[in-house]
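Participant: So that we are looking at the same thing, I have put the structure below in structure tokens.
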Amino acid sequence: MGIFDFLTGEFIDVIHWVDDTRDTMVWRFEREGHEIKYGAKLTVREGQAAVFVHEGQLADVFTPGLYMLETNNMPIMTTLQHWDHGFKSPFKSEVYFMATTRFNDLKWGTKNPIICRDPEFGPVRLRAFGTYSVRVTDPAKFLVEIVGTDGEFTMDEISFQIRNIIVQEFSRAVARSGIPVLDMAANTRELGQLVAREIEPQIAEYGLSIPELYIENISLPPAVEEVMDKRSSMGVIGNLNEYMQFQAAEALGRDGNGAAAGAMQAGLGAAMGLQMAQNPWGQQTSQTAAAPAPAAKAATPPPPPVEHVWHIAKDGETTGPYSKAKLGRMVTEGSLTRETYVWTAGQDGWMKAEDVTELAQLFTVMPPPPPPGI
């Protein structure tokens, strides 16, 4: 090595990291032989932390700021202190920069369906997916537990482990919540917060935290969803006979060539011709005129109405489902009042029992409250 190269090696270093990626969590400052010069400047920007590892042991953690590496009580060795080694220090120090900002829009999802017991449908299989964010809260612990000596550590290297923890805790939270499947869409925020709280202690062991966790969708198997769609369609159709008559009328109206109308006119003409052939003078006897018309074919009775089942909300919890007969007994027992909130499939949100037409009649058999003073 020439004298110029030697003097160049003794100039003051500037140690810093400018991240030009979106998924790098840890980056090791590359220096020839991992030698840190005396008087070097260490720049730690906002959203970063610097961890010094000296002789294989974690020495110090630097938060955002500008530092002059000059004091001897810091774990920094310089080549100027070892003239007998030809200005090549045997003491090595490594600097690991860590991104402490949030890594957002990370995906999670259930690889296999989750089996849970629904109060209305019984055993069901659920799938769910969503997003979460993660950040480094303890750089020293993260380096020791996860990174090790990896010179460039990305989010992809740990995201699989985090997804497994999220799915595990989500399965437990759904199984213990007791929330009906039809009501889960209205409680995804609460479920996400519950799962995040359960995950936090496990993630903290890695020096990480999950500031946000979102559940975007909870779905049933396609076959079950298809049956539910059919059930919803039947509820919208209502009277099946009237619907079939409406469909037949629409089919006649959609025939733009007038074939249906022509067929009807041809049928009427044939009937009139047959009647005139039987009576060539076009006269009608009084006996024929007085003959009673044939009785009309009795209409098919409509299908019986679908009996609703009801859920009850009280003290922040939901119970049910209950049949209408059961609710009548609860009114007699006093456990169901006019002010009790109830809900059934197809109803727009929770309503007081006295405001539901089908249930209001349950309270008419009960006497009103006595007047004051009696």
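The values are calculated or read from the model by the stated rules, or taken from the named source; none is laboratory data. Because the structure is a prediction, the values reported are computed rather than measured. Cβ: placed from backbone, ideal geometry, glycine included. Neighbour counts: every protein chain shown.
Participant: T288 fails exactly one of the following numbered conditions: (1) polar (S, T, N, Q); (2) modelled with pLDDT under 55; (3) within 22 Å of L182 (Cα to Cα). What is the number of that condition?
Facilitator: In the conditions (1) polar (S, T, N, Q); (2) modelled with pLDDT under 55; (3) within 22 Å of L182 (Cα to Cα), T288 misses (3) alone.
Participant: Additional query: Could you please let me know if V181 is among the hydrophobic types (A, V, I, L, M, F, W, C) and modelled with pLDDT of 85 or more? Talk me through it step by step, then tell me what you get.
Facilitator: Values: among the hydrophobic types (A, V, I, L, M, F, W, C): yes; modelled with pLDDT of 85 or more: no.
No; evaluated as a whole, the condition is false for this residue.
Participant: Can you find, within the stretch 346-363, the residue that is nearest to the chain's Cα centre (by Cα) among those that are small (G, A, S) and in a helix (DSSP H, G or I)?
Facilitator: Looking at residues that are small (G, A, S) and in a helix (DSSP H, G or I), I get A353.
Participant: Looking at this structure, is T332 more than 28 Å from F121 (Cβ to Cβ), modelled with pLDDT of 80 or more and part of a helix (DSSP H, G or I)?
Facilitator: Numbers: more than 28 Å from F121 (Cβ to Cβ): yes; modelled with pLDDT of 80 or more: yes; part of a helix (DSSP H, G or I): yes.
Taking the combined requirement at face value, the residue satisfies it.
Participant: Applying the selection to the stretch 330-353, what residues are surrounded by 14 or more Cβ atoms within 10 Å (Cβ to Cβ) and among the charged types (D, E, K, R)?
Facilitator: R338, K352, listed by residue number.
Participant: Which of the residues spanning the stretch 185-212 are in contact (Cβ under 8 Å) with a residue 24 or more places away in the chain, touching a Ser or Thr at 6+ places or on another chain (Cβ under 8 Å) and not polar (S, T, N, Q)?
Facilitator: Answer for the stretch 185-212, where residues must be in contact (Cβ under 8 Å) with a residue 24 or more places away in the chain, touching a Ser or Thr at 6+ places or on another chain (Cβ under 8 Å) and not polar (S, T, N, Q): L191, I203, A204, G207, L208, I210, P211, E212.
Participant: Can you pull out every residue in the stretch 141-157 that is surrounded by fewer than 18 Cβ atoms within 10 Å (Cβ to Cβ) and either in contact with a helix residue (DSSP H, G or I) (Cβ under 6 Å, 6 or more places away or on another chain) or among the acidic types (D, E) (or both)?
Facilitator: Kept after step one, since they are surrounded by fewer than 18 Cβ atoms within 10 Å (Cβ to Cβ), are these residues of the stretch 141-157: 141, 144-145, 148-152, 154-157.
Selection gives E145, D150, E152, D156, E157.
Participant: Something else now. What are the pairs, 6+ residues apart or on separate chains, where a residue within the stretch 41-59 that is at positive phi has its Cβ under 7 Å from a residue that is at pLDDT below 90?
Facilitator: From residues that are at positive phi, the pairs are E55/F91; E55/K92.
Participant: While we're looking at this one, here's another question. Has the stretch 54-63 got any residue that is closer than 10 Å to F97 by Cβ, at pLDDT 85 or above and out of contact with any Asp or Glu (no Cβ under 8 Å at 6 or more places or on another chain)?
Facilitator: Here is the first cut: in the stretch 54-63, the residues closer than 10 Å to F97 by Cβ are 62.
From what is left, the residues that are at pLDDT 85 or above are 62.
Within this subset, residues satisfying the condition of being out of contact with any Asp or Glu (no Cβ under 8 Å at 6 or more places or on another chain) are 62.
There is at least one residue in the stretch 54-63 that is closer than 10 Å to F97 by Cβ, at pLDDT 85 or above and out of contact with any Asp or Glu (no Cβ under 8 Å at 6 or more places or on another chain).
Participant: OK, next. If we keep just the residues of the stretch 209-228 that are over 18 Å from A175 (Cβ atoms) and at pLDDT 80 or above, which is surrounded by the most Cβ atoms within 10 Å (Cβ to Cβ)?
Facilitator: Within the stretch 209-228, the match that is surrounded by the most Cβ atoms within 10 Å (Cβ to Cβ) is I210.
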